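Accompanying notes for the structure given below.
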């Protein structure tokens, strides 16, 4: 029984590490597009940016579905496993919507978050509330991390 619990815990830690690695790699890809390619002459245009943004976010959704299904198909298919599979899907979506990849982009690759007086015009939520900056982004990401934690609390309840 103990060995089975430890094996399950290892599985869950492995999935969590894969999710963090995925976010880290996607933020690096975004860095290549949004900083490195500009050094080679890329010019911003909504024409290419909208297609990029849709594809970029679709990759996150596809990853969430793949991770959720992988967890489910590799499990014992209990009610607990179903709840964990759904929680995994929900967590990846919450973290994506919350912009964890944007925070990682700036912190890991771009040398730090922009000052709070810089408007994040590329954020879709700018249109909703009229402005968006690093302070708001940190708050929103924190809110989505909190929602993810609540999701896992609910998923682990019997």
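Evaluating residue 66 against the criteria (1) within 23 Å of residue 122 (Cα to Cα); (2) without any contact (Cβ under 8 Å) to a residue 12 or more places away in the chain; (3) assigned to a helix (DSSP H, G or I) leaves one unmet condition, (1).
Exactly one residue among 50, 12 is over 14 Å from the mean Cα position of the chain (by Cα), without any contact (Cβ under 8 Å) to a residue 24 or more places away in the chain and either assigned to a helix (DSSP H, G or I) or within 20 Å of residue 104 (Cβ to Cβ) (or both), and that residue is 50.
Let's see how each residue does on (1) at pLDDT 95 or above; (2) on the phi > 0 side of the Ramachandran plot; (3) surrounded by 12 or more Cβ atoms within 10 Å (Cβ to Cβ):
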position	(1), (2), (3)
44	no, no, no
58	yes, no, no
64	yes, no, yes
75	no, no, yes
90	yes, no, yes
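Just one of the numbered conditions (1) under 15 Å from the mean Cα position of the chain (by Cα); (2) surrounded by 19 or more Cβ atoms within 10 Å (Cβ to Cβ); (3) more than 18 Å from residue 53 (Cα to Cα) is not true of residue 71: (1).
Which of the helices (runs of 4 or more DSSP H) found entirely inside segment 78-158 contain at least 1 residues meeting this: touching a helix residue (DSSP H, G or I) at 6+ places or on another chain (Cβ under 7 Å), in contact (Cβ under 8 Å) with a residue 24 or more places away in the chain and more than 21 Å from residue 29 (Cβ to Cβ)?
On the way: elements: 79-97, 100-104, 125-129, 134-156.
Correct list: 79-97, 134-156.
Inside segment 109-126, can you point out the residues that are exposed (fewer than 13 other Cβ atoms within 10 Å of the Cβ) and under 30 Å from residue 86 (Cβ atoms)? Answer for segment 109-126, where residues must be exposed (fewer than 13 other Cβ atoms within 10 Å of the Cβ) and under 30 Å from residue 86 (Cβ atoms): just 124.
The values are calculated or read from the model by the stated rules, or taken from the named source; none is laboratory data. This one's a predicted model, so the numbers in the text were calculated from it and none came from an experiment. FYI the Cβ positions are ideal-geometry reconstructions off the backbone, even for glycines, and counts take in every protein chain you see.
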